[in-house]
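J.: Sharing a structure below in structure tokens format, with a few things to ask.
The values are calculated or read from the model by the stated rules, or taken from the named source; none is laboratory data. Owing to the predicted nature of the structure, the values given are computational and were not obtained by experimental measurement. For neighbour counting, all protein chains shown are included, and Cβ atoms are generated from backbone atoms with ideal geometry for every residue, glycine included. Each accessible area value is taken on the protein alone, full model and side chains, heavy atoms only, with ligands, DNA and RNA left out. Shrake-Rupley method; radii C 1.70, N 1.55, O 1.52, S 1.80 Å.
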Amino acid sequence: MKIVSARVSVCWAGRNYVTLLVDTDEGVQGLGDATLNGRELAVVAYLQEHVCPLLIGRDPQRIEDTWQYLYRGAYWRRGPVTMTAIGAVDVALWDIKSKLAGVPLYQLLGGAVRDSVRVYAHAEGRDRSELLEQVGKLTAAGFDAVRVQAAVPGLDATYGVRGDERAESYEPAASDYPVTQIWDTDRYLRAIPGVFEAVRDAYGGDLAILHDVHNRLTPLEAVQLGRSLEPFRPFWIEDPTLAEDQRSFRQLREGTTVPLAVGETFNSVWDCHDLVQGRLVDYLRLSPSHAGGVTHLRKIHLLAELHGVRTGPHAASDLSPVALAAILHLDLAAPNFGIQEYMERPRGWDDVFSVGYRLEAGRMHPGQEPGLGVTYDERAAERLSYRRRYLPVARLRDGSMSDW
Ligand code: EZ4
Ligand code: CO
């Protein structure tokens with residue numbers, strides 16, 4: 001069997017998505033997600049110019065060898081662009097292999113170890129009452145795990161809070177340049193314990209409460225945050241410090257007992273093996289889209305399993321339905337799965353993607369269709385052309401740049 005075509009489709013389906021389509025001489029097609037939010041066309045060029053030509057004529061069933069060929073053979077390795085491109089190829093080949101086998105992908109990963117995948121939804125508010133109302137809507141819909149993000153009083157935009165275009169991380173602003181948010185750590189640290197207290201008081205002990213700090217704190221500030229939240233028993237605190245400064249996690253571990261999640265920007269086992277082996281984090285958030293596909297992410301998850309670290313994969317809405325499907329197959333089959341991120345899909349997904357996965361009362365299932373269970377309407381996508389968009393940037397009050 002041979003790959004006869006490998007092409008990239010970019011479309012605006014509520015936001016930009018990059019999809020890799022791999023066709024074989026036996027008519028089976030595989031899909032991969034190659035979306036790198038805010039830097040989409042870098043991956044498109046990497047795929048079109050350097051990777052797709054190498055795929056033509058290869059046996060699509062040789063997944064591991066193709067991964068090794070693209071990773072070890074390139075010499076220039078790792079990094080988000082490279083690993084997103086390799087990830088898209090890898091996911092497409094797993095899609096093909098499981099379609100050939102006539103089974104949903106999770107069957108090739110050892111089969112289901114659970115009946116369904118627990119997901120957490122996003123709640124946010126411009127003020128306390130809006131946040132509580134949103135949490136209430138989600139719990140009424142059956143979610144028992146919610147990520148809470150609340151506007152920080154005195155700041156006109158806060159990470160993760162919609163409604164203010166300048167704070168929008170999900171549907172980036174339509175301006176030609178990134179919008180700028182002002183960040184103030186002290187105000188944030190003062191505000192957030194009250195947010196947790198209010199949610200815990202209103203919704204009780206059973207609700208899993210998650211929170212994303214988005215890399216904004218120093219290790220010492222993160223310890224202060226962790227201690228201030230301990231009484232409210234967070235499910236996890238995500239990215240409290242810069243993910244690339246791994247020494248921080250030892251200090252965090254020594255200073256606070258809040259569970260820690262990290263990894264959505266990691267793209268290789270080398271970004272996290274010290275954290276895993278040292279048991280310095282509780283949940284890994286890497287995705288197949290940005291960490292080299294199912295093949296590489298599975299190895300990372302197996303390493304984590306050996307060291308008692310669980311998974312909590314990234315699946316914000318900048319990851320396409322192809323990515324979400326791949327993640328759900330992994331979640332269903334991973335013994336050390338913890339929880340899965342879920343966001344409402346942007347308007348426009350349905351115009352191009354059809355999915356076999358299901359959501360019911362806070363639980364998801366990848367479905368029983370062979371492969372990933374996702375189809376892509378290339379024709380419809382052609383009419384929805386790419387729009388240049390940037391994620392926001394953040395500055396401190398004195399005008400200097402902050403981490404976003
Ligand atoms: O900002 O996916 O946990 N979720 C997140 C996301 C990220 C985006 C970046 O592309 O942090 O909202
Ligand atoms: Co995050």
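J.: For the chain, what does the relative contact order come out to in percent, with C-alpha contacts under 8 Å and a separation of six or more?
T.: Numbers: 899 pairs, mean separation 92.8, N = 404.
For the chain, the relative contact order is 23 percent.
J.: A follow-up question, please. Express as a percent, rounded to the nearest 5, the fraction of DSSP beta bridges in the chain (both residues included) that run antiparallel.
T.: On the way: 24 of 50 bridges.
If we restrict to bridges inside the chain, about 50 percent are antiparallel.
J.: Additional query: Would you please give the residues with an amide H less than 5 Å from that of Q149, counting only those at least 5 places away or on a separate chain, with H modeled from the backbone geometry?
T.: Under 5 Å from the amide H of Q149 lie the amide H atoms of A123, E124, G125, each far enough along the sequence or on another chain.
J.: Continuing with this model, one more query. Report, largest value first, the span of the C-alpha coordinates of the stretch 248-308 along each principal axis, in whole Å.
T.: Computed over the stretch 248-308, the largest-to-smallest principal extents equal 35, 22, 16 Å.
J.: Which percent of the accessible area of the chain is formed by carbon and sulfur heavy atoms (probe 1.4 angstrom)? Don't skip to the end; give the middle numbers.
T.: Numbers: 7790 of 16450 Å².
The value for the chain is 47 percent carbon and sulfur by accessible area.
J.: Treat each spin label as a single point 7 Å out from the Cα along the C-beta direction, and report the D25 to S129 distance in nm.
T.: Those two pseudo-labels are separated by 6.8 nm.
J.: Next question. Relative contact order (percent) for the stretch 13-134, with alpha-carbon contacts under 8 angstrom and 6 or more residues of separation?
T.: Details: 120 pairs, mean separation 33.2, N = 122.
Relative contact order of the stretch 13-134: 27 percent.
J.: Given a 10 angstrom Cα cut-off, can you work out which residue in S98, S289, S354 is the most mobile in a GNM of the chain?
T.: Looking only at S98, S289, S354, the biggest GNM fluctuation is shown by S354.
J.: Report ³J(HN,Hα) in whole Hz for each residue of the stretch 71-81, in order, from the Karplus equation J = 6.51 cos²θ - 1.76 cosθ + 1.60 where θ = phi - 60°; Gly and Pro get x.
T.: 8, 6, x, 7, 6, 7, 10, 6, x, x, 5
J.: Taking K97 as the anchor, which aspartates and glutamates have their alpha carbon closer than 19 Å to its alpha carbon, excluding any fewer than eight residues away along the same chain?
T.: D23, D25, E26, D33, D59, E64, D65, D331, E369
J.: How many angstrom lie between the C-alpha centres of the stretch 329-381 and the stretch 262-287?
T.: 24 Å
J.: Could you tell me which residue out of Y17, T139, G308 lies farthest along the dipole of the chain toward its positive end? Charges go on the beta carbon: Lys and Arg +1, Asp and Glu -1, centred on the Cα centre.
T.: Positive-most Cα among the choices belongs to G308.
J.: Oh, and also: Quick one: which residues, 5 or more positions from A208 or on another chain, have an amide H under 5 Å from its amide H? H modelled 1.01 Å from N in the peptide plane, none for Pro or chain starts.
T.: A145, V146
J.: With every protein chain kept in place and ligands, DNA and RNA left out, what is the accessible area per residue of the chain? Probe 1.4 Å, answer in Å².
T.: Working: 16450 Å² over 404 residues.
About 41 Å² of surface per residue is accessible.
J.: If you don't mind, there's one more thing I want to ask. Output wanted: per-residue J couplings in Hz (rounded whole) for the stretch 337-353, from phi through Karplus 6.51 cos²θ - 1.76 cosθ + 1.60, θ = phi - 60°, x for Gly and Pro.
T.: 5, x, 7, 10, 6, 9, 10, 4, 6, x, 4, x, 4, 5, 5, 10, 10
J.: Modelled label-to-label distance, Y390 and V103, 7 Å Cα→beta-carbon offset: nm?
T.: In this crude spin-label approximation the distance works out to 4.8 nm.
J.: Another question, if that's okay. With a cut-off of at most 12 other beta carbons within 10 Å, and DSSP calling the residue loop, which chymotrypsin sites (Phe, Trp or Tyr not before Pro) in the stretch 20-127 qualify? Please list them. Could you put the intermediate results ahead of the total?
T.: Values: sites: Y46, W67, Y69, Y71, Y75, W76, W94, Y106, Y120; in loops: Y75, W76.
Sparse-neighbourhood loop chymotrypsin sites (Phe, Trp or Tyr not before Pro): Y75, W76.
J.: What residue among P53, P335, P313 shows peak mean-square fluctuation when the chain is described by a Gaussian network model with Cα springs under 10 Å?
T.: Residue with maximal mean-square fluctuation among P53, P335, P313: P53.
J.: Turning to a different aspect of this structure: Along its three principal axes, how long is the stretch 1-63 when you only count alpha carbons? Whole Å, largest extent first please.
T.: So the extents along the principal axes, rounded to whole Å, are 36, 22, 16.
J.: Continuing with this model, one more query. Mind giving me the nanometre distance, one decimal, between the label points for S5 and L220, set 7 Å out from Cα along Cα→Cβ?
T.: 6.0 nm
J.: State the dimensionless ratio Rg/Rh of the chain (Rg: radius of gyration of Cα atoms; Rh: Kirkwood radius). Walk me through the intermediate numbers first.
T.: Values: Rg = 20.5 Å, Rh = 21.5 Å.
My calculation of the ratio gives 0.96.
J.: May I ask for the angle, rounded to the nearest 10°, between helix 321-333 and the longest principal axis of the chain, with both axes built from Cα atoms and the value confined to 0 to 90°?
T.: Once rounded, the angle reads 80 degrees.
J.: Ok, one more. Rounded to whole Hz and in sequence order, give me ³J(HN,Hα) for the stretch 191-207 from the Karplus expression 6.51 cos²θ - 1.76 cosθ + 1.60, θ = phi - 60°, writing x for Gly and Pro.
T.: Result, ordered by residue: 7, 6, x, x, 5, 4, 4, 5, 5, 4, 4, 6, 10, x, x, 7, 5 Hz.
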